[in-house]
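Bear in mind these aren't lab numbers, they're just calculated from the coordinates by the rules spelled out. Everything quoted here is computed from the prediction, not taken from an experiment. FYI the Cβ positions are ideal-geometry reconstructions off the backbone, even for glycines, and counts take in every protein chain you see.
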Amino acid sequence: MYVCVCNAVTERQIDQAVRAGATSLRHLRHQLGVSAECGRCARCAQDCLRAALCEPSRPAPAVHAAHAGSSRSLALEAS
């Protein structure tokens, strides 16, 4: 879902920013541009930030460098 239409920031990008260390709306503003224009998204962005901070850390899926370019190899590894 888009949180900030002015800067095309999504909830997923906020989640990623939190996993990278963002802990405040100020961090999101500096990293993503959230609420830097009109400010209408500030409340929603703050809600998304709180939700992301409360979630247990989810490790990113590992991708082997040797297979990163081959979707067929990844599909075979997953099965």
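Counted by neighbouring Cβ atoms within 10 Å, the residues Leu53, Leu32, Leu25 run from fewest to most as Leu53, Leu25, Leu32.
If each residue's Cβ is checked for other Cβ atoms within 10 Å, how do Cys4, Cys38 rank with the fewest at the top? Mind showing how you got there, number by number?
Values: Cys4 26, Cys38 10.
Lowest to highest Cβ neighbour count: Cys38, Cys4.
Residue separation of Thr23 and Cys38 scaled by 0.36 nm, minus their Cα-Cα distance, works out to 3.2 nm of gained length. As a proxy for reagent exposure, Ser24, Ser35 were ordered by neighbouring Cβ count within 10 angstrom, fewest first; the result is Ser24, Ser35. Taking amide H positions as modeled 1.01 Å from N, with prolines and chain starts lacking one, no residue 5 or more places away or on another chain lies under 5 Å from Cys6.
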